[in-house]
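To start, the structure itself, in structure tokens.
Every number in this text was worked out from the coordinates using simple rules, so none of it is lab data. Being a predicted model, the structure only gives us computed values, none of them experimental. As a convention, Cβ positions derive from the backbone with ideal geometry for all residues, glycine included, and neighbour counts pool all protein chains shown.
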Amino acid sequence: LRSADQKTGAGTPVLSLRCTGCGRETGLDQLYKCPSCGRILEVQYRAEAYQRAASAGSLLAPGGDSIWSFRELLPIARSIEPVSLGEGCTALLPARRLGLPADANRIRLKLESTNPTGSFKDRPVSVAVTKAVELGVTGVITASSGNAGASVAAYAARAELPAVVLVPDGLPASKLTQIAMYGATLVAVRGHFSRAFALARQVADEQGWYNVTTTFLSAYPTEGNKTVAFELFQQLGEVPDHVLVPVGSGPLLVGALKGFRELVRLGVTDRVPAMTAIQAEGCAPIVRAFNAGDHEVVAWEDPRTVATGINDPLQGYADDGSLTLASVRDTGGVVTAVSDEAILVAAELLARAEGVFAEPTGAAAVAALAPLYRSGFLGAGDSVVALVTGHGLKDPGAMTGLLDPPIVIEPDIAKLRSVIAEAS
Ligand SMILES: [Zn+2]
């Protein structure tokens, strides 16, 4: 990466990378975690970048066609053409028929499932692969529970970069097909996600590739996640009271919070939402630490949930979860778990009542709504946004147990009439 390092810096809006643990500032060529303490780095921007963002007005006015309408505050040199598939600019819909004890027009769904590859991961990956182009690396690698892998494969294809995607074995065939279709080298690593994660780190160093794994490994991809906050501000004309995010390690939550904090810094608002993290009961390391009043998250032993996108035990990087936990606490949010059964019921309700087909992970935040109203954490008049992170077509097999098989008939009008009569 030596020659590539020298490219970083010219025309970049990035001032430095600052460690979220020890506070040390490092050079922009520090692609991964803090060289002193091993914690997560965070991108700091130059004052001119904020001035440009404020004067461009793009943070306030809707009408962009990708996350790159916010490029004044994305960590890429201005001379680099973004690798984009039109990610971001996702719809924000009122959820009127979920049967919640609240002002229905104040509950909204942000459809991250409608991103180009069907999940929110296109936001961080568009930034990550563009960074790979800026660095001049010869390839990218990622460890992924599926959705980031599909996204990396797609954006690498767009950028004409070779991509290697490591996934845990046992992923749904639909996710594997999507990754392979884009031409990435797809490798299933036996065991859960943390195993694939460790291997990706090792081989990236050996090959001189950029490891674009969308946990907190590199500070740059997380920046893409903050565009969801900018869009919410545009769409609502204000900051919502609550944002609910399904969370494995939590870069979407932490990234979105950074976006809201940048809006405060720009002077367009004076508050950030309460950020609430939703985990699955079968893999809930951050919930466990939150409930115990701890500051340090400990890895989960036996991850097991139908929500594959958040089935991340954090083994080997539990401190990633600690940053997410601190972010939630700083904003007055909570971390809560939902059962697989509640997730599947929410997915079905979301599809039938709102016309939104989400994969299990994508329905996790919706599953948490009812209990959070019941407990009084969410108030009837609060402005609440639930992020629907991934499309149902990512993992349709997860839903088949809920559904009757299609009714098959001979081409006979009388039969059809009787089927319709029974159904209605
Ligand atoms: Zn540090």
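Summary of computed values
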read-out	value
Angle between the chain longest axis and helix 193-207 axis [Cα atoms, degrees, rounded to 10]	30 degrees
Translational diffusion coefficient (Stokes-Einstein; Kirkwood radius from C-alpha pairs) of the chain at 25 °C, 0.890 mPa s, in µm²/s	113 µm²/s
Quotient of C-alpha Rg and 2.2 N^0.38 Å, computed over the stretch 343-406	1.20
Whole-angstrom gap from the stretch 89-104 to the stretch 267-311, using each part's C-alpha centre	23 Å
Peptide ranges 86-93, 271-278 listed from the most packed, as the mean C-beta count within 10 angstrom indicates	271-278, 86-93
FRET efficiency, residue 403 to residue 294 (Cβ-Cβ, R0 45 Å, nearest 0.05)	0.65
3J(HN,Hα) from dihedral phi, the stretch 141-150, Karplus parametrisation 6.51/-1.76/1.60, rounded to Hz, x for glycine, proline	9, 8, 9, 8, 8, x, 5, 5, x, 4
For the stretch 41-117, with +1 on Lys and Arg beta carbons and -1 on Asp and Glu, the positive-most of 115, 91, 70 along the dipole	91
Reachable lysines, given that their alpha-carbon falls under 17 Å from the alpha-carbon of residue 175 and they are not under 8 places away in the same chain	121, 394
Radius of gyration, Dmax [the stretch 320-368; alpha carbons; angstrom]	13.1, 36
Extent along principal axes [Cα atoms of the stretch 371-424; Å; largest to smallest]	54, 27, 17
Antiparallel bridges, percent of DSSP beta bridges restricted to the chain (to nearest 5)	30 percent
Acute angle (nearest 10 degrees) that the helix 413-423 long axis makes with the longest principal axis of the chain, alpha-carbon atoms	70 degrees
Loop-resident sites, the stretch 271-357, for GluC sites (Glu not before Pro), counting at most 13 other Cβ within 10 Å (DSSP)	296, 301
